[in-house]
1. Are there any helices (runs of 4 or more DSSP H) wholly within region 172-223 with 3 or more residues that are touching an Asp or Glu at 6+ places or on another chain (Cβ under 7 Å) and within 20 Å of Asn135 (Cα to Cα), and if so which?
2. Of the residues that make up region 73-82, is at least one touching a strand residue (DSSP E or B) at 6+ places or on another chain (Cβ under 8 Å) and at pLDDT 90 or above?
3. Filter region 56-65 for residues that are more than 9 Å from the chain's Cα centre (by Cα) and either surrounded by fewer than 15 Cβ atoms within 10 Å (Cβ to Cβ) or assigned to a loop (DSSP other than H, G, I, E, B) (or both) and give the result.
4. Return yes when Leu83 is part of a helix (DSSP H, G or I) and hydrophobic (A, V, I, L, M, F, W, C) and no when it is not.
5. With (1) at pLDDT below 90; (2) of a type in the set (D, E, K, R); (3) surrounded by fewer than 12 Cβ atoms within 10 Å (Cβ to Cβ) as the list, and Asp160 as the residue in question, which single condition is left unmet?
6. Does Ala110 meet the test of being within 24 Å of the chain's Cα centre (by Cα) and modelled with pLDDT of 90 or more?
7. Given Asp195, Asp182, Asp191, which one is surrounded by fewer than 16 Cβ atoms within 10 Å (Cβ to Cβ) and touching a strand residue (DSSP E or B) at 6+ places or on another chain (Cβ under 7 Å)?
Amino acid sequence: MNNSVGSAGRLLWAGLRALLVLTVITGVLYPLAVTGIAQLAFHDKANGSEIEDASGRVVGSALIGQTYDLPPKDGEKTPGPDLKWFQPRPSNGLGSNSVNTRYKLILSGATNRSGDNADLVKWVTDAKAAVVKDNSTADYRVKPSDVPPDAVTSSGSGLDPHISPEYARLQVHRVAELNKLDVAAVERLVDDHTDGRILGFVGEPRVNVLQLNIALKALVSKG
């Protein structure tokens, strides 16, 4: 009987020691090591790829999109876009933000439906009409054929922070007019913030909308 109790005690003590050792290694030392390596080697990515404005204030992440809307009017469920800013891809899930407010993500969602889905057809048709109307100015007319796909559909997650260079250039005349800027200066801004394919062949050229709008804000403040 005593031998049985002693054996059970030794087994319990061995199990407890293994638990304590593994807890320290996997629950403390390993997370600290991984965190330390991440902070040293990938500091920006480890902290969420945060983007700061000219004042050093964090206004969002390079990895998550934002919308740029006007303050909602009384009784208005969906605020209208603030057209002085470059607009992102459509999304039903992004919180309403701008470079002037604290970033707040609500949820994510996409416009993915079958190609002949009536809701999708209506969304795309309405979105294209809005893009044509919003981006046509007195001296620049947008044709429906000018509207790229990313201007009227969301990404799979609904959180894409990028738009195509074509969609960014489509917005140049409207942005220049509303901010009283030279069109050529805004075009240079888009060119300067267009990223090429990763390693020269992966993905497509893209423009980060938040980074572009921060640069636009700085350009407006100089003007």
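The values are calculated or read from the model by the stated rules, or taken from the named source; none is laboratory data. Just so we're clear, the structure is a prediction, and the values are computed from it rather than from any experiment. Every residue, glycine as well, gets a Cβ built from its backbone with ideal geometry; the counts of neighbours run over all protein chains shown.
1. Passing ranges, in order: 172-178.
2. Yes, some residue in region 73-82 is touching a strand residue (DSSP E or B) at 6+ places or on another chain (Cβ under 8 Å) and at pLDDT 90 or above.
3. Within region 56-65, Gly56, Arg57, Val58 qualify.
4. no
5. Every listed condition holds for Asp160 apart from (3).
6. Taking the combined requirement at face value, the residue does not satisfy it.
7. Asp195 is the lone residue from the list that is surrounded by fewer than 16 Cβ atoms within 10 Å (Cβ to Cβ) and touching a strand residue (DSSP E or B) at 6+ places or on another chain (Cβ under 7 Å).
Conditions (1) among the basic types (Lys, Arg); (2) surrounded by fewer than 11 Cβ atoms within 10 Å (Cβ to Cβ); (3) at pLDDT below 80; (4) over 30 Å from Ala130 (Cβ atoms), marked per residue:
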{"site": "Val34", "(1), (2), (3), (4)": "no, no, no, yes"}
{"site": "Ala54", "(1), (2), (3), (4)": "no, no, yes, yes"}
{"site": "Thr67", "(1), (2), (3), (4)": "no, no, no, no"}
{"site": "Leu70", "(1), (2), (3), (4)": "no, no, no, no"}
{"site": "Arg89", "(1), (2), (3), (4)": "yes, no, no, no"}
{"site": "Thr101", "(1), (2), (3), (4)": "no, no, yes, no"}
